[in-house]
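Below is one structure; the comments refer to it alone.
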Amino acid sequence: MRRNLVAGNWKMNGSLAANASLLSELKAGLESVGCDIAVCVPSPYLAQCQAELAGTVVALGGQDLSVHVSGAYTGDVAASMLVDFACKYVIVGHSERRAYHGETDQLVAQKALVALQSGLTPIVCVGETLAQREAGQTDVVVGAQLDAVLALIDLSQIKNIVIAYEPVWAIGTGKTATPQMAQDVHAALRNRVSLRDGESAAIVKILYGGSMKPDNAAELMAMPDIDGGLIGGAALKAIDFLSIIAVA
Ligand code: PGA
C-alpha cells in the first residue's frame, strides 16, 4: 500500500519571522503521524528551515532546480545546493514555472532527471488549463507532460518520482476538482506509468494539488489513486496544514 505524502508548497511567501512561527506551530502540532510530510520553501530560507526541521519527520524540499551543475546561470539553483541543505524533494514543472518562465515539457523532464541523478525526489507537476479541460484535452495534455519525463528517466527510477496532478484552474482559486474528476485523471496517469512499467505504477505516488483544504482533503484522499496532496495556500497556516496531515 502506498503511504500518503502531504507536501507544502510555500511558493514565494514567508519571512524569517513568519517561517519561524509557522514551523514551530507545525512541530508542536505533529503527533503520531501516519504519512510522509514535506515543505518546499523559497531557496533563501533553506538554511533556516533545515535547522528548524532537523530531527523532525518533516522533510525539506526546493521549488525548482537548474539542469546545469554550476556556472554562469544567474538566479538559478543547482541540485547540489539543495542537497547541501538536506533537501529530499524538489518540485519540477509547477504550472507557475511553466506559465511565467516558459518551461517546456522537455525542460521539466530534464529537471526531473537531474534531480534523480542527485538523489532528490522530483515532485513532477502536471495539469491542464481550463480551456484545455473544456476542449476535452485533459488526458492528452497531462499525458504528454508525464510522458516527456517517463521517456527520459531510467525504468528503475520511475518509482522514485512523485507525480502531482494540479489542474491549473484549481490552483489558488478556491475551485477544486471533484474527487471523481481528480480520480479519473490520477487513474489515467497511473495507467500511463503502467504502460512503461507495471511494478512502478503500483508504487508511484500521485498527489492532488489545487485548493486542497482541510474541508475537502478527506474526500479527495479517499480516492484510490490519490496519494496525498501538494498544498499551496493551506500550507501557510499551521492549523490547516496540520488538519490535512491528520486526514492523510
Ligand atoms: P493551492 O496551490 O493549494 O494554493 O491551490 C497548490 C499548488 O500550486 O501547488
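Which of the residues that make up the range 73-94 are surrounded by fewer than 21 Cβ atoms within 10 Å (Cβ to Cβ) and small (Gly, Ala, Ser)? Result: 75, 78, 80, 86. Considering only residues that are in a loop (DSSP other than H, G, I, E, B) and either near the ligand (Cβ under 9 Å from one of its atoms) or of a type in the set (Gly, Ala, Ser) (or both), look in the range 164-174 and name the one that is modelled with the highest pLDDT. Step by step, filter the range 164-174, then rank; the result is 166. The set of residues from the range 208-238 being within 9 Å of the ligand (Cβ to nearest atom) and crowded, with 24+ Cβ neighbours inside 10 Å comprises 209, 210, 212, 229, 230, 231, 235. The residue that is farthest from the ligand (Cβ to nearest atom), counting only those in the range 88-107 that are touching a residue at least 40 places away in the same chain (Cβ under 8 Å) and within 20 Å of residue 41 (Cβ to Cβ), is 88. A single member of 188, 164, 246, 177 is small (Gly, Ala, Ser), more than 16 Å from residue 2 (Cα to Cα) and crowded, with 19+ Cβ neighbours inside 10 Å, and it is 177.
One line per residue, one yes/no per condition, for (1) within 24 Å of residue 99 (Cβ to Cβ); (2) aliphatic (A, V, I, L, M); (3) touching a residue at least 12 places away in the same chain (Cβ under 8 Å):
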position: 35; (1), (2), (3): no, no, yes
position: 41; (1), (2), (3): yes, yes, yes
position: 48; (1), (2), (3): no, no, yes
position: 51; (1), (2), (3): no, yes, no
position: 69; (1), (2), (3): no, yes, no
position: 78; (1), (2), (3): yes, yes, yes
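Restricting 32, 66, 43 to residues that are of a type in the set (S, T, N, Q), more than 16 Å from the ligand (Cβ to nearest atom) and loosely packed, with under 15 Cβ neighbours inside 10 Å narrows the list to 32.
Within the range 150-161, one or more residues are within 14 Å of the chain's Cα centre (by Cα) and away from the ligand (no atom under 15 Å from the Cβ). State yes or no: is residue 39 modelled with pLDDT of 95 or more, under 30 Å from residue 1 (Cα atoms) and touching a Gly at 6+ places or on another chain (Cβ under 7 Å)? The answer is yes for residue 39.
Of everything in the range 205-220 that is touching a residue at least 60 places away in the same chain (Cβ under 8 Å) and out of contact with any Pro (no Cβ under 9 Å at 6 or more places or on another chain), the residue that is nearest to residue 127 (Cα to Cα) is 207.
The values are calculated or read from the model by the stated rules, or taken from the named source; none is laboratory data. On a predicted model such as this, the values are computed, not experimentally measured, just so you know. Cβ coordinates were reconstructed from backbone atoms using ideal geometry, including for glycine residues, and neighbour counts include every protein chain displayed.
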